[in-house]
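*Asks:* Here it is, the structure in full.
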Amino acid sequence: MKNLLTILSILTAILGVITPSAHAVPVVSFQVHNPTGPGNPESAGKSQFAIRNDSSAGINIQSILWTFASPIFIDSAAGGSGFGSSLNYTVSPAQTYGGGTDPSITVGANSNVTVGYTGPTNFTDGATSLLLTFNNFNPGEAFGFWTDLDTTSDPTGHIGNSNFDDSKTKFIFSDGSEYEYVWNLPYNSGRSFFATGSVTTNAVPEPATMVLLGSGLLGGLLRKRFFSA
């Protein structure tokens, strides 16, 4: 009994002096636009992508993988696999995307330099996926780019919301966290669509738990593995 009371006293002392630190949380907001009409400041019919890192301090975005649902593909070369005009990788000018009832993302000039965009700077014509990499995409920063997306389901290549359903966007953060977003947009038979999403993933074991595991005071519970959500 005396030994048990001693162990309990040690546990109480450890838990009493340790205050768990706040979890760092990777968060990202992103939007895709496929505007049309004379009221748009963008190139009509071209797709604009805007991404902002809303993570806790110190958590950067390392890569983003876009996998487009069939039959969407990139039309980056004139006379290639697409319909009408084409557009290769183009950095967005300074512009605010969204707004009103939708979240807004403000992209500054030369956002590719700001976030340390490392490529690619030429998109493969006809590709159905797109991997973007970064070396300095810090929290609070935003990146925007344009390209041309077409679909074989429409004789003119124009994309509506339903064409984009089941496309996937996967983010990898500097803390090792990953998140994959599957697009599911409201029905819109037209060629213009807007979508946005925010994601969160948690963190590491509490400091108190880590100290207890290291001390060996949890005995047989050492066989239990702890995973973050």
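Nothing in this text is a laboratory measurement; each read-out follows from the coordinates by a stated rule. Owing to the predicted nature of the structure, the values given are computational and were not obtained by experimental measurement. Because the Cβ atoms are built from the backbone with ideal geometry, glycine has one as well, and the counts that use them run over all protein chains shown.
*Asks:* For GLN95 and ASP166, what does the FRET efficiency come to when R0 = 41 Å and r is the distance between their Cβ atoms, rounded to the nearest 0.05? Spell out each step's value before the answer.
*Replies:* Working: r = 28 Å, r/R0 = 0.68.
Approximately 0.90, to the nearest 0.05.
*Asks:* If the chain between SER153 and LEU65 were fully stretched, how many nm would it gain, using 0.36 nm times the residue separation less the Cα-Cα distance?
*Replies:* Answer, rounded to one decimal: 29.4 nm.
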